[in-house]
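The values are calculated or read from the model by the stated rules, or taken from the named source; none is laboratory data. Keep in mind that this is a model prediction, so the values were computed, not measured. Cβ placement follows ideal geometry from the backbone for every residue including glycine, while neighbour counts extend to all protein chains displayed. Each accessible area value is taken on the protein alone, full model and side chains, heavy atoms only, with ligands, DNA and RNA left out. Shrake-Rupley method; radii C 1.70, N 1.55, O 1.52, S 1.80 Å.
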Amino acid sequence: MQSGFNNRNNGKKGFGLRFVTIVVVVALLFGALSLQLANLQLRDGQTYADTAESRTMKTYSLTGERGMILDRNGIPLAYDVESYNVTFYRDPSRNSTEDVQEYTQILLRVLEIVEENGGETVQNFYLHRDEAGNFYLDFLTENEETFAKREQTWRSNLYITSVPEEEIFDTLCKRYGIEDLDYETQYKILSIWQELQMYAYLSKPVTIAYDVDMNTVAQIEAASIELTGASIEQTTKRVYPRGTLASHILGYMGSITESTLEQYSALGYDADDRVGVSGIEASMEEQLSANVAYRQGSQEVEVDANGAVMRELSYEAPVNGNSVQLTIDIEMQQILEESLQYNIEEAQKIQMEELANASASELENYQEQIANRDGEPLRLAETGAAVVLDVHTGEVLAMASYPDFDPNDFIEGMTTAEYNEKYNIDTSPLFNRAISSKATPGSIFKMVTALAGLEEGAVTLEEEIDDLGDFTKYDQTAYAPGCWTRYPQNHQDQNVTLALTNSCNYYFYTVADRLGISRTSIPYQGFQIVRTGVLVCIGELFFRANGLHNGLAMFHKMITQFSLTSVRDQSLFALGMGRKDFLIVAILMGIIFLVSLMQERGVHLGTRLLESPVLVRVAVYYGVILALVIFGAYGAGYVPVDPIYAGF
């Protein structure tokens, strides 16, 4: 009995000991928890409060893909592809020297990652160093007013308003803590800082490296904790898969300029968006672009002080830009461009041979011609333009200007030196000679002379005229106008069709003489002109904008207004050549001629480059039936080389 009683007492004591132990442990845990809570509230409370306050709500605009540009058969000529950019966000509250130099160290690491993987960061610092070691500013403009405005803005954004030009580089290197680095690295880091400062007012991450590869993406995202401010942006990149082909038609993309910033901002664009600068990319910008306000989406997010997105609060998907289909046949376009280049090269080869084999008297004649051109040297054939138009529909099937360019260059980006080497040259590859060149059209104008002769009865369709070499009726000197061919016997029995086919100068001298070009009151309908300093005959829209509704320029009115009183001037006029104050846009003359013929037949067709009837308004600037103009030698015009149009 006693033994059982003792066992029960021992059990009660063990239970009480375990209970006390549990209570003590729980009390200690609550004590530790209370202590930690006190630390959070009292000791570290301000730190966590600051962190919470540093998180802000931001709404970002989202853009879709730019619309495609297609040829008449639906072949893509320009489109967007997915790409990745490196962006950087600098906390505007971190302005101390230590903060700035800490950011620089991060930028150096980002630069290293990008370059290790074959990419490059933005490199467009406006302060350059010449071979002698002297610094100079280059704001990519020769206009003094624009240069001064850009310099003022640049100095203000970099806080160097009163720093002398020769001290700017060293001042900035010291500010960003890169004095001991090599010049190339200093230039790259200053280019990045320039980009960050110029777009700081946008209060969003700024792109510092475009179209990086996946290795770069992976490395930067993996090191995001150490690389404060750096992040990866998924975006799109414009691609021109056929390079230089149809480059003047397509145009190219570029940054928004100061002069257009207000215009694009009103449409919803950001200052760092890219827009069409020339060609279809420019003329159809609002249709192609996904940056216009009504196509943009939005994303509301919570971000930390470094601009990193912590969570998404709302999302509205963007709408892609519209695609544009052209009337261009890209295969025909390629044939035309190759043919144009071939003709120019062949023409230059012939001219070089003629110069090499020229006699002393011929060389003396060249010098006299140079003197007559106010010392301007004779230019060999280097540039040209050609257009193919469907005469039944008015559609432009192909349009070429030589030399051409690669619009991808402007997507990848170029340094000033690279741009100058490729495009800032005498032949002006970016200039579209098919629609913009003001030069004597040469033999293309013979169509106008032929039409005038036929309508005035100066010649009939069947009449034949023999080429007698020099046209000596009014000038028996060595300077008498003559045909281009050295073998006039090949231009015998020329009717108007053969004369146009062979481009026989003698035939059109004769027609011009019969027309009596110096007469001023011959009634001749169908031609009118606009003169603004030089004679410019452009497309139908331009004529209508000036209140002119009859199509082309009146043949005889041209003569009167330009006072072509000498026989030589009149003869050259008949061939579309002449003095410097008589200039015509060569290729477009053919368009107006075509439109005039169609109007006289009771058919009204406008030339167009775009398939959609809604877009015809931009197309009337382009086209001619089938014409080739090679610029060179005497400025512009016919060169005695048989055009090679393979496939036509």
Rounded accessible area per residue of segment 98-228, 1.4 Å, Å²: 54
Taking θ as phi - 60°, what are the ³J(HN,Hα) couplings along segment 461-477 by the Karplus curve (6.51, -1.76, 1.60), each to the nearest whole Hz, with x for Gly and Pro? 5, 8, 4, 10, 10, 8, 7, 9, x, 6, 8, 9, 4, 10, 9, 9, 7
Sorted by accessible surface (1.4 Å probe, heavy atoms of the protein chains only), largest first, Trp154, Trp484 come out as Trp484, Trp154
Carbon and sulfur atoms: what percent of the 1.4 Å accessible area of segment 178-332 do they account for? 47
Solvent-accessible ranking of Leu70, Leu468, largest area first, probe 1.4 Å: Leu468, Leu70
Among 320-328, 57-65, 84-92, how do they line up by average Cβ neighbours within 10 Å per residue, starting with the highest? 320-328, 84-92, 57-65
Ranked by how many other beta carbons lie within 10 Å on average, peptides 21-28, 217-224 from highest: 217-224, 21-28
Modelled label-to-label distance, Glu179 and Leu355, 7 Å Cα→beta-carbon offset: nm? 5.6
